[in-house]
Amino acid sequence: MAQDIPSTQPTREPAVMSVRAAAVWSMASQYGGFVIQFATSVIISRFFLAPDEVGLFSIALAAAMLVAVLQDFGLSRYISGLPNLTPEDVHRSSSVAVIFSLIVTALIAALSFPLAALYGLPQLGPLLLIIAGSYLFLPMSIVPLALMAREMRFSGHFAVHVGSASVHAAVALFLAWQGYSSFALAWAVLATGFAKGVIAQFLKPARFIPLRLDGLKPILNFGGWTSALYITGALGSRSPDMIVGKLLSLTATGLFSRATSLAEQFRMLIAGAIGGVFYPAFARIRDEGQPLGPAYLRVCAGYSAIVWPGMAGLALAAEPIVLLLYGELWAGVAPLLTMVAINAAVMIGLPLVSELPILLGRIKSLLIRNIAETVISIGLLIAGSMIAGVWGAAASRLVYGVAFFALYLGFMHRLVGFDMRGFVIAHAKSLGATLAAIAPLGATYLLWAGPGEIGFVALCLAVGLGVVCWLAAMLGLRHPAMDDLRRTAGPMVQPFSPRLGSFIQPKDPAAPGRSV
């Protein structure tokens with residue numbers, strides 16, 4: 001298979017932690033961080049901040065993150081993808097992290113007050129200055145986290161993410177309680193950056209002072225292409241809040257931002273945690289000379305089997321969830337959340353569209369598609385916002401999801417070489433399991449109480465029954481992800497119930513090619 005950027009593949013040092021154990025730690029990290037962040041957002045939204053205050057912070061954060069795509073400069077993937085890593089490589093990577101953290105901080109600070117003038121929002125400038133300060137601490141965490149990921153030591157990621165999330169929650173809640181409005185969230189971002197750096201350096205020290213500027217060409221070459229890719233991707237993923245904020249109102253921005261962040265948090269809760277495990281895992285498969293197609297099919301099957309039912313349930317239960325968690329003030333989030341959740345489900349059906357092309361040296365080809373994707377995303381968002389306001393902005397995400405799938409399906413098929421028939425069958429079975437999972441809630445709406453009247457207990461019962469129906473459908477359809485789910489669940493259950501853990505765990509050993 002031709003590659004845009006050739007790469008050598010000598011033997012990589014053995015991983016310290018198995019992929020399955022790393023996935024468990026990564027999920028624990030994600031779940032722990034999610035619980036803290038979600039509880040914080042609910043408390044702040046319900047008791048302290050109104051949609052327009054959240055909308056103001058969302059515009060500031062989105063603007064900062066457009067620039068902040070340069071912060072990593074591809075270092076995480078560069079370090080994870082190197083077949084052999086020397087202390088000199090680590091020192092040089094840390095030096096690059098320092099340089100780009102200073103660049104990012106300076107750019108955000110320079111743009112802060114011009115953006116405030118552009119939006120006619122004087123408070124936007126100081127917010128951006130505070131957020132800019134958080135990027136000064138990034139060199140302390142980027143390389144240590146990349147090193148831990150390379151070694152599959154995701155227990156360290158757990159400590160960093162849960163620890164920094166706890167600091168974010170404490171600072172945000174205290175300052176919101178003290179009446180700092182949008183600035184409570186900005187100061188929390190600054191405190192999070194500091195906490196993440198301190199914890200990461202404690203767990204995996206990586207020297208970044210003094211700077212080492214020799215031999216940077218391979219890092220800069222790789223980082224230049226990946227940064228171009230990140231910039232185009234960020235324009236599509238980070239600009240929606242800025243576009244809605246400019247075309248509509250702060251309240252509309254707050255509602256749209258809450259819907260998109262809630263959908264993203266929920267998606268990450270279900271399966272996003274293990275995404276960080278896949279890049280080093282696929283790098284191992286590549287280095288061993290094994291085909292990537294079978295492993296990719298299993299990833300697709302696993303993602304769609306888990307994420308589709310979850311996001312479909314979130315879409316169907318959007319109204320009662322929003323009312324129960326955030327109250328009537330945020331009721332406008334519900335219809336937006338339904339559309340954004342469906343979009344997330346569509347896009348997750350084709351995972352790793354950035355990671356695998358980068359790993360295989362096809363960054364140029366990926367960049368072309370990423371530019372097209374960004375143009376489509378922004379164009380649809382602007383059109384939707386101008387035609388139908390915030391509802392149209394959310395509806396544009398549905399069309400964007402379909403366009404994304406069409407844009408990348410053929411590319412990933414040619415790149416990875418997966419079996420298209422197996423791909424279709426796996427997704428068809430995932431769709432069947434998804435319909436089974438949401439059937440109890442749909443029946444509850446029709447026969448008992450509608451979305452606006454259903455209570456917490458009834459909602460939990462319908463969701464619980466949906467899980468049972470999902471599991472029955474997965475077994476009945478002989479879904480290809482069942483063995484993986486059992487292998488992951490068995491060790492997690494074993495400490496609490498050895499008999500149940502042994503029953504869940506498949507007896508047959510993993511077949512060749514099952515290292516993901």
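So is Phe418 in contact with a Leu (Cβ under 6 Å, 6 or more places away or on another chain) and either within 30 Å of Pro291 (Cβ to Cβ) or not polar (S, T, N, Q) (or both) or not?
It is true that Phe418 is in contact with a Leu (Cβ under 6 Å, 6 or more places away or on another chain) and either within 30 Å of Pro291 (Cβ to Cβ) or not polar (S, T, N, Q) (or both).
Give the residues of the range 300-336 that are among the β-branched types (Val, Ile, Thr) and either open to solvent by less than 10 Å² (accessible area, probe 1.4 Å) or not in a helix (DSSP H, G or I) (or both), sorted by residue number.
Scanning the range 300-336 gives Val307, Val322, Val333.
Here are some residues: Ala200, Ala169, Ala159, Ala117. Which one is modelled with pLDDT of 90 or more and closer than 28 Å to Ile43 by Cβ? Let's see the steps before the verdict.
Numbers: Ala200 fails: modelled with pLDDT of 90 or more; Ala159 fails: modelled with pLDDT of 90 or more; Ala117 fails: closer than 28 Å to Ile43 by Cβ.
Among Ala200, Ala169, Ala159, Ala117, only Ala169 is modelled with pLDDT of 90 or more and closer than 28 Å to Ile43 by Cβ.
Are any residues in the range 174-204 open to solvent by 30 Å² or more (accessible area, probe 1.4 Å) and more than 19 Å from Ala60 (Cβ to Cβ), and if so, which ones?
Phe174, Trp177, Gln178, Lys196, Val198, Ile199, Gln201, Phe202, Leu203, Lys204
Quick check: is even one residue across the range 66-77 open to solvent by less than 10 Å² (accessible area, probe 1.4 Å), modelled with pLDDT under 80, within 27 Å of Ser166 (Cβ to Cβ) and in a helix (DSSP H, G or I)?
Taking the range 66-77 first, the residues open to solvent by less than 10 Å² (accessible area, probe 1.4 Å) are 68, 74-75.
The next check asks that each one be modelled with pLDDT under 80; those that pass are 68, 74-75.
From what's left, within 27 Å of Ser166 (Cβ to Cβ): 68, 75.
Keeping just the survivors that are in a helix (DSSP H, G or I) gives 68, 75.
Looking for residues that are open to solvent by less than 10 Å² (accessible area, probe 1.4 Å), modelled with pLDDT under 80, within 27 Å of Ser166 (Cβ to Cβ) and in a helix (DSSP H, G or I), one finds at least one in the range 66-77, hence yes.
Is it the case that the range 441-462 has a residue that's within 19 Å of Val307 (Cβ to Cβ), aliphatic (A, V, I, L, M) and open to solvent by 20 Å² or more (accessible area, probe 1.4 Å)?
So far as the range 441-462 goes, no, none of its residues is within 19 Å of Val307 (Cβ to Cβ), aliphatic (A, V, I, L, M) and open to solvent by 20 Å² or more (accessible area, probe 1.4 Å).
Go over the candidates Leu407, Leu380 one by one and state the one that is in contact with a Lys or Arg (Cβ under 6 Å, 6 or more places away or on another chain) and assigned to a helix (DSSP H, G or I). Talk me through it step by step, then tell me what you get.
Details: Leu380 fails: in contact with a Lys or Arg (Cβ under 6 Å, 6 or more places away or on another chain).
None of the other options fit; the residue is Leu407.
Can you find a residue in the range 341-355 that is of a type outside the set (S, T, N, Q), open to solvent by less than 10 Å² (accessible area, probe 1.4 Å) and more than 25 Å from Leu292 (Cβ to Cβ)?
Yes, the range 341-355 contains at least one residue that is of a type outside the set (S, T, N, Q), open to solvent by less than 10 Å² (accessible area, probe 1.4 Å) and more than 25 Å from Leu292 (Cβ to Cβ).
For the structure I just gave you, tell me whether Glu373 is modelled with pLDDT under 85, under 21 Å from Ala403 (Cα atoms) and under 22 Å from the mean Cα position of the chain (by Cα).
Considered against the rule, which asks whether it is modelled with pLDDT under 85, under 21 Å from Ala403 (Cα atoms) and under 22 Å from the mean Cα position of the chain (by Cα), Glu373 comes out as no.
So which of Leu415, Leu435 is surrounded by 12 or more Cβ atoms within 10 Å (Cβ to Cβ), among the hydrophobic types (A, V, I, L, M, F, W, C) and at pLDDT 95 or above?
Residue meeting the stated conditions: Leu435.
The values are calculated or read from the model by the stated rules, or taken from the named source; none is laboratory data. Nothing here was measured: the structure is a model prediction, and the numbers come from that model. No Cβ is skipped: glycine too gets one built from the backbone with ideal geometry, and neighbour counts run over all protein chains shown. Heads up: the accessible areas ignore ligands, DNA and RNA and are worked out on the full protein's heavy atoms, side chains in. Shrake-Rupley method; radii C 1.70, N 1.55, O 1.52, S 1.80 Å.
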